[in-house]
Amino acid sequence: MTGPCLAAGALAATLGWADFTLSWTHSVEKTEWRETWAVTPAGLLLTEARVKGSGAGMEPGPGAVLRDGWFVWQPLAQPVKTLTLARSGAVASHRLCHGGDCRSLDELLSGNDPVTLAPC
């Protein structure tokens, strides 16, 4: 297993990361949200979530602490086989980050099709 694979329509990309951060701006509150994911043999595992504020549909999770302006918590989540991300003009593009390098989904795969992430 090398990292997450991305697919959108007929396009595909492979990233060689064992973990990554998924980041986006909430469409209503215009507040940044970040999730850290690990690529495991059981699937993609959400290991940390953080939000820069709270508001409509953005309540920090149980046990969240305020750290450097972010509400941070460890979700109690089971691995998922795939993660599907919608793309639309209403939502700023999701960004995938690893080691300080961030790329938008649009940079990785062109088009408007939803992007599916899965372990490779």
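Anyone know which of LEU96, LEU11, LEU44 comes out most mobile in the 10 Å Cα GNM of the chain?
Ranking LEU96, LEU11, LEU44 by mean-square fluctuation puts LEU11 first.
How charged is the neighbourhood of LEU22? Take every other residue with its Cβ under 10 Å from the Cβ of LEU22, and add Lys/Arg as +1 and Asp/Glu as -1.
Once all neighbours under 10 Å are counted, the net charge is +1.
Between GLN74 and ALA118, what length comes free when the chain is fully extended (0.36 nm per residue of separation minus the Cα-Cα distance, one decimal in nm)?
Length gained between GLN74 and ALA118: 13.7 nm.
Can you work out the base-10 log of I(q)/I(0) for the chain at q = 0.12 1/Å, using the Debye formula on its C-alpha atoms alone?
-0.44
Within the set of other residues whose C-beta is less than 12 Å from the C-beta of THR36, count the net charge using Lys and Arg as +1 and Asp and Glu as -1.
Spelling it out: positives minus negatives among the neighbours equals -1.
Using the basic label-point model (7 angstrom from Cα toward the beta carbon), what is the SER110 to ALA38 distance in nanometres?
3.7 nm
With an 8 Å cut-off on Cα pairs and a minimum separation of 6 or more residues, tell me the relative contact order of the chain in percent. Before the final figure, lay out each step's value.
Numbers: 272 pairs, mean separation 37.6, N = 120.
Across the chain, relative contact order equals 31 percent.
Around ASP68, under 11 Å between beta carbons, what's the net of Lys plus Arg minus Asp minus Glu among the other residues?
Local charge sum for ASP68: +3.
Whole-Hz ³J(HN,Hα) for each residue in segment 64-70, computed from phi via Karplus 6.51 cos²θ - 1.76 cosθ + 1.60 with θ = phi - 60°, x for glycine and proline: what do you get?
These are the phi-based 3J(HN,Hα) values: 5, 10, 8, 9, 6, x, 10 Hz.
Report the residue, chosen from GLY43, GLY99, GLY53, that carries the largest GNM mean-square fluctuation when the chain is represented by alpha-carbon nodes joined by springs under 10 Å.
Ranking GLY43, GLY99, GLY53 by mean-square fluctuation puts GLY99 first.
Every read-out reported here was derived from the displayed coordinates using simple, explicitly stated rules and does not represent laboratory data. All values derive from a computational prediction rather than experimental measurement. As a convention, Cβ positions derive from the backbone with ideal geometry for all residues, glycine included, and neighbour counts pool all protein chains shown.
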